[in-house]
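To start, the structure itself, in structure tokens.
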Amino acid sequence: MNRRHTRPLQFLLITLVVTAAVACRSGSYQSVPGPAATLDEAECRVYIARSAQLWGKVRKIEVIDRGTLIGSLGTGGYLCWDREPGMSPIQVMYHGPILDDGVVEGLLDFNGEAGGVYYYSVHLRKGDRKPEMVLLSAEDGKAMIADRSQATIR
């Protein structure tokens with residue numbers, strides 16, 4: 001093959017690789033209204049963000065609270081919403097590659113108190129990629145949120 005024909009082929013290959021990499025990256029979006037400027041003392045506030053774990057970053061994680069899709073966590077974003085206090089599990093769904101069985105569900109046994117603010121970090125368990133949520137201290141949670149941007153409200 002001569003050089004005249006390899007340049008367009010190389011350009012096409014590079015373009016294809018870059019497009020595939022960008023297509024796999026998912027941004028964060030939120031399907032419910034964002035939190036009020038001040039927390040209603042009859043409700044509680046939940047923040048959820050991905051940990052700094054690199055593994056699985058190009059795949060989205062969806063968060064569902066009481067049957068409502070809260071939103072999707074991509075890289076560098078966080079979800080925040082106000083909800084009624086009380087005990088109610090929050091589903092966290094990791095959308096992995098189809099070759100790895102696709103969607104893997106994790107459950108957070110959430111039990112919020114009125115006026116409470118809760119910060120959670122999500123990471124994927126190494127063995128089965130099951131999403132696990134870790135409750136952070138207010139200090140660590142605020143630091144985590146400061147390094148991320150709030151998900152786009154849709």
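Every read-out reported here was derived from the displayed coordinates using simple, explicitly stated rules and does not represent laboratory data. Because the structure is predicted, anything quoted here is derived from the model rather than measured.
Residue-wise HN-Hα couplings along the range 29-45, as the Karplus relation 6.51 cos²θ - 1.76 cosθ + 1.60 with θ = phi - 60° gives them from phi, are 9, 10, 8, 10, x, x, x, 5, 4, 10, 6, 5, 5, 8, 10, 10, 10 Hz; Gly and Pro carry x. Apply the a/c threshold of 1.5 to the C-alpha gyration tensor of the range 26-153 and tell me whether it is rounded, prolate or oblate. Taking the square roots of the gyration eigenvalues as a ≥ b ≥ c, the range 26-153 is prolate. For Lys130, the aspartates and glutamates whose Cα falls under 20 Å of its own Cα, not counting residues fewer than eight places away in the same chain, are Glu62, Asp65, Asp100, Asp101, Glu105, Asp109. Amide H contacts of Lys60: His95, each under 5 Å away and 5 or more positions distant or on a separate chain (H built 1.01 Å from N in the peptide plane; Pro and chain starts excluded). The 3J(HN,Hα) values that the Karplus relation (6.51, -1.76, 1.60; θ = phi - 60°) gives for the range 87-93 are, in residue order, 8, 6, x, 10, 8, 10, 10 Hz. Gly and Pro appear as x.
Rounded to whole numbers, the Karplus 3J(HN,Hα) couplings from phi for the range 126-133 are 4, x, 10, 6, 5, x, 10, 10 Hz, using 6.51 cos²θ - 1.76 cosθ + 1.60 with θ = phi - 60°, and x at Gly and Pro.
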